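What follows is a single structure, written as structure tokens, with notes after it.
The values are calculated or read from the model by the stated rules, or taken from the named source; none is laboratory data. As the structure is a computational prediction, the values presented were derived from the model and not from experiment. Virtual Cβ from ideal backbone geometry, glycine too; neighbours counted across all protein chains shown.
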Amino acid sequence: MKSYFLVYDRKVGQFAESYAKGLDNANILGSLALDISEQDKSLATVETICSHLQQAGADRDSCLLCVGGGICSDICGFAASIFKRGIGFEVVPTTLLAQVDASIGGKNGVNFNGIKNSLGCFRIPDHIHFFQEPLNTLPEKEIKNGIVEMLKTFLLFEPELYRKAVQKISTRKAGIKELFELGQMAGRLKMQIVDMDPREKGPRILLNLGHTLGHAIEWWASCKGVEMSHGQAVGIGIVQIHKLAARQGLCNQALADRLEKDFRACRLDTDLPCALEELRPAFKQDKKRSSGKLRIVFLTEIGNPAVCEMEI
Ligand SMILES: NC(=O)c1ccc[n+]([C@@H]2O[C@H](COP(=O)([O-])OP(=O)(O)OC[C@H]3O[C@@H](n4cnc5c(N)ncnc54)[C@H](O)[C@@H]3O)[C@@H](O)[C@H]2O)c1
């Protein structure tokens, strides 16, 4: 019999508890409900989880079962990696973004001294269990965050799926079922890339499309107390990096315009919330910065990604 300790996002408590109850041949050591926000993505929450694991008698054969979105799985993956130098880790992603992206690939961690994801490690979950059901309660804003990461993956690797997804989403023909199915396709594409390059030494870097600007926008928003989700910031990042790339002659203006038009048609944010200048302090902290330049991912055309060193 396998021993699980359940950690879940309080907002999906009912789903999480009924999921855990339905597990075959499982001993539930205990559970912990978390309130979820970027502020809670901290070492303090990792400590809380580890204390509960300790009190519940979890050992190296136990498994931390996380039911929640990307914040929950990022924190839990980190806790599972360090508790007793690593215990089992399974995830049931409950947001579209986590199903498409965050639960896949083993990157985890917490924010530290105001810098996003600056403490963490790689820990591929032992299992990821995907269900459409939790998406039914997901607010529209969170659905949009997942759509951004899904479009990002299709933009990089599957132009036809990108076109199809934009067409369905912009005309409001994509309900939860279609979004779940599209999300599963995007998730599988991400898994293939992670399998090829688990430590981000090669093609996995491409998945950072939109993220350099996106993370800087998230940093700016947290400093200013402006509400800004990860997906929203990445969406703006994808559109804006192509405007910059077009100005520097790295891609053509028609591509930058098309991305802006498509994202707007899907009712996604596209405008920088501040002057580019205000984002510069965040670029200095970027994990992908060397010799004063940023490593930027962009598209020369849809389905054709490239990487360059760019001064922004
Ligand atoms: N590790 C990675 O590779 C990776 C990739 C992308 C993003 N991320 C991280 O993931 C985080 C964003 O993840 P997210 O968008 O899933 O956000 P999240 O975990 O904050 O969830 C978004 C909101 O939805 C609520 N929620 C979750 N599931 C719900 C459901 N089924 N019904 C109703 N409400 C629900 C949460 O409580 C929260 O308020 C960021 O911290 C980002 O840095 C990590």
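Brief remarks on what is shown
- Flag if Ala98 is buried (at least 24 other Cβ atoms within 10 Å of the Cβ) and either more than 8 Å from the ligand (Cβ to nearest atom) or of a type in the set (S, T, N, Q) (or both): no
- Residues being touching a His at 6+ places or on another chain (Cβ under 6 Å) and farther than 20 Å from Gly183 by Cα - total across the stretch 74-118: 1
- Scan the stretch 41-64 for residues that are buried (at least 17 other Cβ atoms within 10 Å of the Cβ) and either within 11 Å of the ligand (Cβ to nearest atom) or of a type in the set (Ser, Thr, Tyr) (or both) and the total you get is 4.
- Selection count, the stretch 1-15, where residues are in contact (Cβ under 8 Å) with a residue 60 or more places away in the chain and out of contact with any helix residue (DSSP H, G or I) (no Cβ under 9 Å at 6 or more places or on another chain): 2
- Residue in the stretch 196-215 that is assigned by TED's automatic domain parsing to the domain that holds Asp271, surrounded by 21 or more Cβ atoms within 10 Å (Cβ to Cβ) and not in a helix (DSSP H, G or I) present: yes
- Cross-chain or 6+ apart pairs with Cβ under 9 Å, the stretch 20-37 first and within 15 Å of Ser62 (Cα to Cα), then surrounded by 10 or more Cβ atoms within 10 Å (Cβ to Cβ) and acidic (Asp, Glu): Ser31/Glu17
- Taking the listed residues Pro134, Pro93, the one that is at pLDDT 95 or above, within 13 Å of the ligand (Cβ to nearest atom), under 28 Å from Ala44 (Cα atoms) and in contact with a strand residue (DSSP E or B) (Cβ under 7 Å, 6 or more places away or on another chain) is Pro93, with no other qualifying.
- Qualifying residue in the stretch 79-89 (condition: among the aromatic types (Phe, Trp, Tyr), within 16 Å of the ligand (Cβ to nearest atom), more than 19 Å from Asn117 (Cβ to Cβ) and crowded, with 17+ Cβ neighbours inside 10 Å): no
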